[in-house]
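Report on the following structure.
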Amino acid sequence: MLKPYFQKEKIEAGCDEAGRGCLAGPVVAAAVILPKDYKHKELNDSKQLTKKKLYSLREDVLNDALSWGVGTASPEEIDDINILNASYLAMDRAVEKLKVSPGLLLIDGNRFKTTSEIPFECIIKGDGKFLSIAAASILAKTHRDDLMHKLANEFPGYGWETNVGYPTRVHREGLKEMGSTPHHRLSFQLLPRQLELFPENIGTKTNSLK
């Protein structure tokens, strides 16, 4: 079972993001404050959950959290300040939406930069260690998935209804046939040179930055 807190005497907000490795769509972050005595046997890192369980646990988080917030950084912002800084920006925006002021932020990952004066702790693989970070990972992922599903209706052919913007074969083929959309991150290498030369290899490489 995941830990309920890092420091018992402080109000803690777990923070995590989703969509950093995508070719399209915003990066989305969430911040969640849970009760100090909170327990949940099934709450876990969103990457370890089935889609059905993910959405079921989202309802638990929304119902049980003392406060929660979701923030985004757009593809334009990602292109302007890079994906890492955009992830920090999305987290800051998520924290700003909290209706309860935290005394400590628990950040999933090994580094963080913020304009806030709230102290923070970076925790590697924190979404598999602390309940509040796991809860944030669930909200961030489901919020972003829902957004990309809606965008898939406006921009068919990229497979966003299933790949939610990640560099799958279908997504690469859509880029090759139709080009980019306003929701693509133009600073990313959308269609690597080797895939242009050898289209039969589309989908065999993961996303990389220029």
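As a ratio to 2.2 N^0.38 Å, the alpha-carbon radius of gyration computed for the chain takes the value 1.05.
Taking segment 1-37, which GluC sites (Glu not before Pro) meet the DSSP loop condition and have no more than 11 other C-beta atoms within 10 Å?
Details: sites: Glu9, Glu12, Glu17; in loops: Glu9.
Loop-located and lightly packed - Glu9.
Before anything else, pin down the relative contact order of the chain: Cα pairs under 8 Å, at least 6 apart, normalised by residue count, whole percent.
Details: 442 pairs, mean separation 58.7, N = 210.
Answer for the chain is 28 percent.
The modelled label-to-label distance for the pair Glu154/Lys36, using points 7 Å beyond Cα in the direction of Cβ, is 4.4 nm.
What length, rounded to one decimal in nm, is gained on full extension from Lys10 through to Glu96, with 0.36 nm per residue of separation minus their alpha-carbon distance?
29.2 nm
Given 0.36 nm per residue, what is the gain on full extension from Asn85 to Ile118 after removing their alpha carbon distance, in nm?
Here the segment from Asn85 to Ile118 would lengthen by 10.1 nm.
The residue among Leu84, Phe112, Gly69 whose Cα reaches farthest toward the positive pole of the charge dipole of segment 67-112, with charges on the beta-carbon of Lys, Arg, Asp and Glu, is Gly69.
Taken together, the values in this text are just the output of simple stated rules run on the coordinates, not laboratory data. This is a predicted model, so every value here is computed, not measured. Positions of Cβ are backbone-derived with ideal geometry, glycine not excepted, and every protein chain shown enters the neighbour counts.
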